[in-house]
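The values are calculated or read from the model by the stated rules, or taken from the named source; none is laboratory data. Because the structure is a prediction, the values reported are computed rather than measured. Cβ placement follows ideal geometry from the backbone for every residue including glycine, while neighbour counts extend to all protein chains displayed.
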Amino acid sequence: MHPDSFADHEERNGRRRIAIVIGTRPEAVKLAPVALALSRSSWADPVLITTGQHGDVVPETLSCFGLRPDIELTVRRGNDSVAELTAGLLSRLDGALRATAAQAVVVQGDTSSALAGAMAGFFAAVPVAHVEAGLRSGDPRSPFPEEAHRKMIAGITDVHLAPTRAARDNLLAEGVAAERIHVTGNTVIDAVVEASRRPTASGNPLLREVEQSGAPLVLVTAHRRENWGEPIRRVSGAVADLSRRYPDITFVVAAHMNPSVRAATEQSLRGIPNVRLTGPIPYGSFARILARSLLTITDSGGIQEEAAAFGVPVLVTRDNTERTEGITSGLARLVGTEESEIVAAVEKEFARENAFPGNAIRAVVPTNPYGDGRAGERCAAACGRLLGIRPR
C-alpha cells in the first residue's frame with residue numbers, strides 16, 4: 001500500500017494501525033505469526049515495514065507465510081558500522097511511521113532495525129510493543145551489539161512480550177512493572193512448525209537433493225559478529241574433521257549472506273563430498289531440513305529455539321547464551337568455538353544410545369520450553385490491550 005493511501009484506508013475500515021518493523025530474516029519469521037494474528041482480528045490493521053537490513057531475503061521469507069511488505073525501505077550499507085546502520089534506519093523509519101500515522105509500533109528481538117524502530121516510535125510518541133523481550137546474557141558485549149540493543153529497547157518499551165517466565169524475571173529484576181509484561185511463548189515456534197508442514201519444494205536443486213535424500217543430516221550455521229574471523233574458521237575446521245569421521249552423514253552448511261563471513265565458512269569445506277554448501281536457505285526448506293536433522297551446530301539464537309520445536313539437539317558455538325531454557329532442559333549445550341571441543345561434543349551426541357529415532361520428521365515436543373505455538377495470538381491480544389481494546 002502506498003503511504004499516501006493510509007489516511008483514507010483508516011477512515012474506511014476503522015481499525016487501529018499497527019506498524020510492524022522487520023529488518024532481518026529472523027524478524028520476518030518471528031513477526032509473521034503476530035502479523036497474521038493481527039490481520040485476523042476485528043480491530044487491527046497491521047502495516048508491514050521492511051527496513052532493507054537483510055535485503056531481498058526478508059520479502060522472500062514473508063511470502064512463506066502469505067505476507068508481503070506494505071512499505072519497503074532501503075538502507076545504505078557502508079563499512080559494517082553499527083552506528084552508521086542504526087542512524088540510517090532511524091531516519092527512514094521516522095518518516096515511515098509519520099507517513100502511515102501508526103498508532104502502535106511492534107519490534108522484535110535485538111537487531112539494529114528493532115532498536116531503530118523502537119526509537120522512532122518513542123520519538124513520535126507512539127506506544128512500542130517489544131516481541132521477545134527480556135532475553136539477557138548478562139554480558140553487555142556478548143552477543144555484540146545485541147545484548148546492549150535489548151536493554152536499550154527495554155527502556156522505551158510500553159509493553160514487553162516476554163517469550164518465557166525466565167525472560168519475565170529478567171525484566172522484573174531490572175525494575176519493569178509487572179503489569180507491562182506479558183508471557184506469550186516464542187512466536188518462532190508458531191512459525192517453524194507451520195513452515196515445516198508446508199509441502200512446497202525448493203527451487204534450488206542442491207536443496208531439493210538434500211530434502212529428498214535419505215541421508216542423516218547435521219545442520220550448521222555461523223554468523224554472529226563476535227565469531228567473525230578466526231572463531232568461524234575454527235567451527236568450519238571442526239565440520240571438515242567431522243565430515244571425514246562420519247562419511248555417511250550429510251553436513252548442510254547454511255553460510256551467511258555477508259560475503260566475508262561466507263568466505264571464512266566455506267574456505268575449508270569446499271570439495272568435501274558429504275558437505276553441502278547451500279548459502280542462505282529459504283525458510284520453508286530450512287524448517288523441513290531442521291525438522292529431520294540429527295543435530296544442529298550453530299551460534300544462532302533463533303535456531304536454539306526452532307530446534308526445540310522438533311527435539312533436535314543444539315550445540316551452541318558461543319561462550320554464553322541468553323536462551324537459558326534450552327540449556328536447562330538439556331536440548332542445548334554450550335560448546336564454544338574451539339575445534340576440538342566441537343568435535344568432542346558431536347561425538348558425544350552420536351554416541352548416546354538411541355539418541356536419534358531415525359530420519360523422520362519428529363513430532364512437536366509437548367514440553368517445549370519456548371512455547372505451545374500460540375504466541376502470535378497472545379502478542380496480538382497484548383497489543384490490543386495496549387491500545388485500550390480488550391480482545392478475546
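Odds and ends about this structure:
- Just one of the listed residues (V128, V176) is of a type in the set (A, V, I, L, M, F, W, C), in contact with a Phe, Trp or Tyr (Cβ under 8 Å, 6 or more places away or on another chain) and without any contact (Cβ under 8 Å) to a residue 60 or more places away in the chain, and it is V128.
- Within the range 352-392, the set of residues being in a loop (DSSP other than H, G, I, E, B), at pLDDT 55 or above and on the phi < 0 side of the Ramachandran plot comprises R352, T367, N368, P369, Y370, D372, R374, L387, I389, R390, P391, R392.
- Those residues of the range 29-52 which are among the polar types (S, T, N, Q) and either surrounded by 24 or more Cβ atoms within 10 Å (Cβ to Cβ) or under 14 Å from the mean Cα position of the chain (by Cα) (or both), in sequence order: T50, T51
- Complete set of residues in the range 151-173 that are in contact (Cβ under 8 Å) with a residue 60 or more places away in the chain and within 20 Å of G371 (Cβ to Cβ): V159, L161, P163, T164, A166
- Out of G302, G271, G237, one residue alone is modelled with pLDDT under 90 and either assigned to a loop (DSSP other than H, G, I, E, B) or not assigned by TED's automatic domain parsing to the domain that holds L62 (or both). It is G302.
- Some residue of the range 330-351 being part of a helix (DSSP H, G or I), at pLDDT below 90 and closer than 23 Å to E226 by Cα: no
- Under the condition of being assigned to a helix (DSSP H, G or I) and either small (G, A, S) or surrounded by fewer than 22 Cβ atoms within 10 Å (Cβ to Cβ) (or both), the residues counted in the range 281-293 number 4.
- Residues of the range 314-328 that are outside any loop (DSSP other than H, G, I, E, B) and hydroxyl-bearing (S, T, Y): T324, T328.
- Only residues that are touching a helix residue (DSSP H, G or I) at 6+ places or on another chain (Cβ under 7 Å) and either more than 13 Å from F65 (Cα to Cα) or in a loop (DSSP other than H, G, I, E, B) (or both) were counted across the range 28-46, and they come to 6.
- Residues located in the range 184-221, provided they are aliphatic (A, V, I, L, M) and more than 28 Å from G373 (Cβ to Cβ): L206, A215
- Any hit, the range 122-134, residues being more than 26 Å from A380 (Cβ to Cβ), in the same structural domain as K30 (by TED's automatic domain parsing) and either touching a helix residue (DSSP H, G or I) at 6+ places or on another chain (Cβ under 8 Å) or not in a helix (DSSP H, G or I) (or both): no
- Filter result (among the small types (G, A, S) and part of a helix (DSSP H, G or I)) within the range 169-195: A173, A178, A191, A195
- Conditions (1) farther than 19 Å from E305 by Cβ; (2) surrounded by fewer than 24 Cβ atoms within 10 Å (Cβ to Cβ); (3) in contact with a helix residue (DSSP H, G or I) (Cβ under 7 Å, 6 or more places away or on another chain); number of the one not met by G155: (3)
- Failed item, numbered, when A167 is tested on (1) more than 20 Å from E146 (Cα to Cα); (2) at pLDDT 90 or above; (3) among the small types (G, A, S): (1)
- Test for T221: is it modelled with pLDDT of 95 or more, of a type outside the set (A, V, I, L, M) and crowded, with 21+ Cβ neighbours inside 10 Å: no
- In the condition set (1) at pLDDT 90 or above; (2) farther than 30 Å from D45 by Cβ, N320 is compliant with all but (1).
- Qualifying residues in the range 101-143 (those that are of a type in the set (S, T, Y) and modelled with pLDDT of 95 or more) - the one nearest to G55 (Cα to Cα): S113
- A114 vs. criteria part of a loop (DSSP other than H, G, I, E, B), surrounded by 23 or more Cβ atoms within 10 Å (Cβ to Cβ) and within 20 Å of the chain's Cα centre (by Cα): no
- Qualifying residues in the range 98-111 (those that are in contact (Cβ under 8 Å) with a residue 40 or more places away in the chain and not in a loop (DSSP other than H, G, I, E, B)) - the one surrounded by the most Cβ atoms within 10 Å (Cβ to Cβ): V106
- Among the candidates T278, T337, T317, T296, residue that is buried (at least 24 other Cβ atoms within 10 Å of the Cβ), at negative phi and out of contact with any Gly (no Cβ under 9 Å at 6 or more places or on another chain): T296
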